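Asker: If you scroll down you'll find the structure; I have some questions about it.
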Amino acid sequence: MGRYNLFVSMGRPALLAICAFLGCTWCFGQAEIAGCPVFPPNNIWNTPVDHLPVDPRSARYIANNGPERSLHPDFGRSGAIPFNIVPEDQPLVPVRFTAGAAESDPGPYPIPPNPAVEPAADAHLIVVQQGKCKLYELYAAKPLPDGTWEASSGAIFDLRSNLLRPAGWTSADGAGLPILPGLVRYDEVASGEIRHALRLTVPRTRREYVWPARHFASRTSDPDLPPMGQRFRLRKDYDISGFPPEVQVILRALKKYGLILADNGSSWYITGAPDARWNEEALATLKRVRGADLEAVDVSSLMVSPNSAAAGTPLLTGRVAVPFSPTPVFDLSAGTAQSITLTGDVTAATITGLADGQIVSFLICQDSIGGRKFVWPALVRGGMEIGLEPDTCSAQSFVSDGVNLYATSPGVTNMPR
């Protein structure tokens, strides 16, 4: 039994506690395909955005792409975008690129005999290579009589890396992003939770891209049209209780992880992988959601580097200073890096706004007198003993399961302010 399969058999609190103790990042409930991670846990595809601010142009982006139009599940028992899983030693096949050769990874590609290809004009061909954990994606793929393939463009991604494609480069998708991490997959819906953003298309975009996208696919510079890479989410107050259980799983993901605009296409189409087990009657209820029920999200505060898909840790995305009180409230929805300067003892702190999977940090500082005590709330597991030296700070990081915080570091005390 692999370490991933061993650990997922445990309860979530025990799993998180062990992960915190071991200092590992691979076991926080991250999606896996064929024994490979679907990019690192801190990848922007895998990062919740339910706590981030609404983009100032949200209403205009939606108004220009059909606020009255329905969310459309562009997947079901057939059609959609399939993916192929091949072994590490799958023979490599040459691919000739007909249009985007300058921005395509030359390969060769481990394409199996008779692979599943998207049955549409886009003809996407996706291959996951076991062992090496490489992702190969082709656009407009076509087999040739001699056993080789041709395609308009192609991209190779390391599923264990956050490295983005070169700036300005396309991929098998208009935004220069991978397709696989944004697919709705039956198995994860059946498990009860999707832990990543979903792929989105709309018809009207602008000649610009924002992180993590690398490429645009438009001729207009209208600022009221969304750029490639724009994140959207379902509004927090949207009532999903009347939907079938499997559709509620998708809608919860839309609230927490949202959608990433990846290509031009029909309004509010979300992409998935085909599966004979899909209940298409249930999926059709997604069409009750309208464009007006979505909102654009500003994820710029998460960017560590424009060339990396890593979402910033709290220490890199700003700090919320909490006023001193013997009973302070740390609201993580306002920011996941929180600090306080102690001018007295803290006896009953409260932490609110926890979201599952959040990485949280606390900076607790002594004033010039020092010796102030700080008592962690009961929901904090593994909280350090705060240093008492005057004009010093103690820092510690945690991960949240939505209910408790689990220490991911032993913490550091008595650092000079």
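Asker: Name the single residue that is modelled with the lowest pLDDT among those in segment 68-84 being surrounded by fewer than 16 Cβ atoms within 10 Å (Cβ to Cβ) and within 26 Å of the chain's Cα centre (by Cα).
Answerer: Per the criteria, the residue is Gly79.
Asker: I would also like to ask the following. So how many residues does segment 192-213 have that are crowded, with 24+ Cβ neighbours inside 10 Å and basic (Lys, Arg)? Spell out the reasoning first.
Answerer: Start the filter on segment 192-213 by keeping residues that are crowded, with 24+ Cβ neighbours inside 10 Å, which leaves 196-197, 199-200, 202, 205, 209, 212-213.
Imposing the further condition that a residue be basic (Lys, Arg) reduces the set to 199.
Looking only at that region, the number is 1.
Asker: For segment 73-91, what are the residues that are of a type in the set (A, V, I, L, M) and either in a loop (DSSP other than H, G, I, E, B) or under 15 Å from Leu283 (Cβ atoms) (or both)? Break it down into steps so the answer makes sense when it comes.
Answerer: Applying the first criterion (of a type in the set (A, V, I, L, M)) to segment 73-91 yields 80-81, 85-86.
Hits for segment 73-91 are Ala80, Ile81.
Asker: Return the pair list, or none, for Cβ contacts closer than 7 Å from residues in segment 363-391 that are touching a residue at least 60 places away in the same chain (Cβ under 8 Å) to residues that are surrounded by 14 or more Cβ atoms within 10 Å (Cβ to Cβ) and of a type in the set (Phe, Trp, Tyr), at least 6 apart or on different chains.
Answerer: Every condition considered, the pairs that remain are Arg381/Tyr406; Gly382/Tyr406.
Condition check ((1) touching a helix residue (DSSP H, G or I) at 6+ places or on another chain (Cβ under 7 Å); (2) basic (Lys, Arg); (3) closer than 17 Å to Asp275 by Cα) across all residues:
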{"residue": "Pro115", "(1), (2), (3)": "no, no, yes"}
{"residue": "Lys132", "(1), (2), (3)": "no, yes, no"}
{"residue": "Tyr139", "(1), (2), (3)": "no, no, no"}
{"residue": "Ala155", "(1), (2), (3)": "no, no, no"}
{"residue": "Ala175", "(1), (2), (3)": "no, no, no"}
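Asker: Within segment 353-367, restricting attention to residues that are at pLDDT 90 or above and over 15 Å from Arg381 (Cα atoms), which residue is nearest to the chain's Cα centre (by Cα)?
Answerer: Checked segment 353-367; the qualifying residue nearest to the chain's Cα centre (by Cα) is Leu363.
Asker: Can I ask one more? State whether one or more residues within segment 283-292 are assigned to a helix (DSSP H, G or I), more than 21 Å from the chain's Cα centre (by Cα) and among the β-branched types (Val, Ile, Thr).
Answerer: yes
Asker: Separate question: If only one of Leu342, Leu405, Leu363 is aliphatic (A, V, I, L, M), in contact with a Cys (Cβ under 6 Å, 6 or more places away or on another chain) and either surrounded by fewer than 17 Cβ atoms within 10 Å (Cβ to Cβ) or not assigned by TED's automatic domain parsing to the domain that holds Leu52 (or both), which one is it? Can you show your working first?
Answerer: Working: Leu342 fails: in contact with a Cys (Cβ under 6 Å, 6 or more places away or on another chain); Leu405 fails: in contact with a Cys (Cβ under 6 Å, 6 or more places away or on another chain).
After applying the criteria, what remains is Leu363.
The values are calculated or read from the model by the stated rules, or taken from the named source; none is laboratory data. Everything numeric in this text was worked out from a predicted model, so none of it was measured. Virtual Cβ from ideal backbone geometry, glycine too; neighbours counted across all protein chains shown.
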